[in-house]
Amino acid sequence: MSFDAISLPSLDGIPPRYTVQSGDAFTRPFALSLLDNGVVAEADVTRRPSSEIALCSKALTRNWREITANLTKFHWHLRIEQDQHRALDGSYWQSYHQTDPDVVWALLGTHQGPFSCGQVYIGPAIEHLEGLRRGLGQTVLSALYDVLDMLPLVCTTRMAISIAEYTYWHGHSDEDEAFREALFYHDVKTKEELAEVSDFVTHKQIYGRTPKWVRRPERVLSRGQVQRAAKPDAFAQAVTTAMDELWTVLLFCGPFADHSSPDAGAELVDFTLILRWSEDDSIGRIIDDYGHYAAEGDHISAASVSGLRLSDRSISEWLQKMRASALLAAAAERVLDLLGSMKFEQQRTLVRVFA
């Protein structure tokens, strides 16, 4: 996780080292908005800042470190931009929205570029739970994914397969339909002819050894059934306890920030965490191919984009909701710590030794 100072706007025509003039069209309103929103504290002005932008950076960095202090897996690097279409290298993608001088954009994602986040392998643990009772692993995964969908983009196995269908099958969820469209598109009649002109990706290549229900895991067991299935197994008990704690945070610690990014205006190309089934699954290839595909069009290198108005309490309200979202993310990390561990294997070893 990155705890580096956040990136603040780089404005065209202004050198890297500068003193912001009082008439700056953006920095002055931004600094005043932070003051009005209570983001700037006494600690930020103990020593006189060298510029208004330095004050903004110091205040936001302090707040953001407080928010993300307990996160160890999710990469929540914050950038503030005047235009959400500004790329990490300073270039701009075409925007379909006129820039609003009263709006700044909070972009969350990785610090080292798209998809540079951490990875957690959850397949073995979910298969262990599924082995205790059919539907147990699927139910845990479905409930966990519902929470992860409320956070800045996380590439779950569900999302990875959806991305694969979008990238390889042009949105089809059925291999036969995608195959027929590929034949039509390339104007060929047989699988052999298609192989000569296209690298068609099959269902087996996408799913590998993962269960079919990974595409859309459902809560097939009730709470009582989950508790009874987990009772004989210490690892399963630990997972269900962590899930209960996660649900408690979800019920009582909101409201949470909205990370659906409805005003992004382009494809979001980044994840704050990648969940994989196993080291030999296809998710790595899927994400890599998707990145190349998405980069050909308008895209934003971020996992979440939020527009914040300078003229109201948007910034302080968003930061407060992000504190709640961080609590939710920390509780989700406790579940992921278990699912990514091999504690169930250690448990099996102890049983073999003492049996």
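The values are calculated or read from the model by the stated rules, or taken from the named source; none is laboratory data. Only a predicted model underlies this, so the values are computations on that prediction, with no experimental measurement involved. No Cβ is skipped: glycine too gets one built from the backbone with ideal geometry, and neighbour counts run over all protein chains shown.
Test GLU165 against the criterion of being acidic (Asp, Glu), modelled with pLDDT of 90 or more and either within 25 Å of CYS117 (Cα to Cα) or assigned to a helix (DSSP H, G or I) (or both), and give yes or no.
Against the criterion (acidic (Asp, Glu), modelled with pLDDT of 90 or more and either within 25 Å of CYS117 (Cα to Cα) or assigned to a helix (DSSP H, G or I) (or both)), GLU165 qualifies.
Only one of (1) farther than 22 Å from LEU246 by Cβ; (2) outside any helix (DSSP H, G or I) is not met by SER341, so which one is it?
Answer for SER341: the failing condition is (1).
When only residues in region 174-211 that are within 19 Å of ARG285 (Cα to Cα) and among the charged types (D, E, K, R) count, which is surrounded by the fewest Cβ atoms within 10 Å (Cβ to Cβ)?
ASP199
Within region 230-244, is even one residue assigned to a helix (DSSP H, G or I), closer than 16 Å to TYR145 by Cβ, of a type outside the set (Val, Ile, Thr) and at pLDDT 95 or above?
yes
So for region 189-209 (the condition being in a loop (DSSP other than H, G, I, E, B) and either under 30 Å from LEU308 (Cβ atoms) or of a type in the set (A, V, I, L, M) (or both)), does at least one residue qualify?
Yes, region 189-209 has at least one match.
State whether the residues of region 310-326 include one that is modelled with pLDDT of 90 or more, more than 15 Å from VAL249 (Cβ to Cβ), of a type in the set (S, T, N, Q) and in a loop (DSSP other than H, G, I, E, B).
Looking through region 310-326, at least one residue is modelled with pLDDT of 90 or more, more than 15 Å from VAL249 (Cβ to Cβ), of a type in the set (S, T, N, Q) and in a loop (DSSP other than H, G, I, E, B).
For the subset of region 275-306 comprising residues that are of a type in the set (Ser, Thr, Tyr) and in contact with a helix residue (DSSP H, G or I) (Cβ under 8 Å, 6 or more places away or on another chain), which member is farthest from CYS155 (Cα to Cα)?
SER306
Name every residue in region 210-227 that is in contact (Cβ under 8 Å) with a residue 40 or more places away in the chain and outside any loop (DSSP other than H, G, I, E, B), in order of residue number.
TRP213, VAL214, GLN225, VAL226 - these are the residues of region 210-227 that are in contact (Cβ under 8 Å) with a residue 40 or more places away in the chain and outside any loop (DSSP other than H, G, I, E, B).
What pairs come up if the first residue lies in region 154-172 and is in contact (Cβ under 8 Å) with a residue 40 or more places away in the chain, the second is of a type outside the set (Val, Ile, Thr) and assigned to a helix (DSSP H, G or I), and their beta carbons are under 7 Å apart, counting only those six or more places apart or on different chains?
From region 154-172, the pairs are VAL154/LEU148; THR156/TYR145; THR156/LEU148; ARG158/TYR145; ILE163/TYR290; THR167/ASP289; THR167/TYR290; THR167/TYR293.
Looking at (1) under 24 Å from GLY284 (Cβ atoms); (2) touching a residue at least 40 places away in the same chain (Cβ under 8 Å), which one does ALA238 not meet, given that it meets all the others?
(1)
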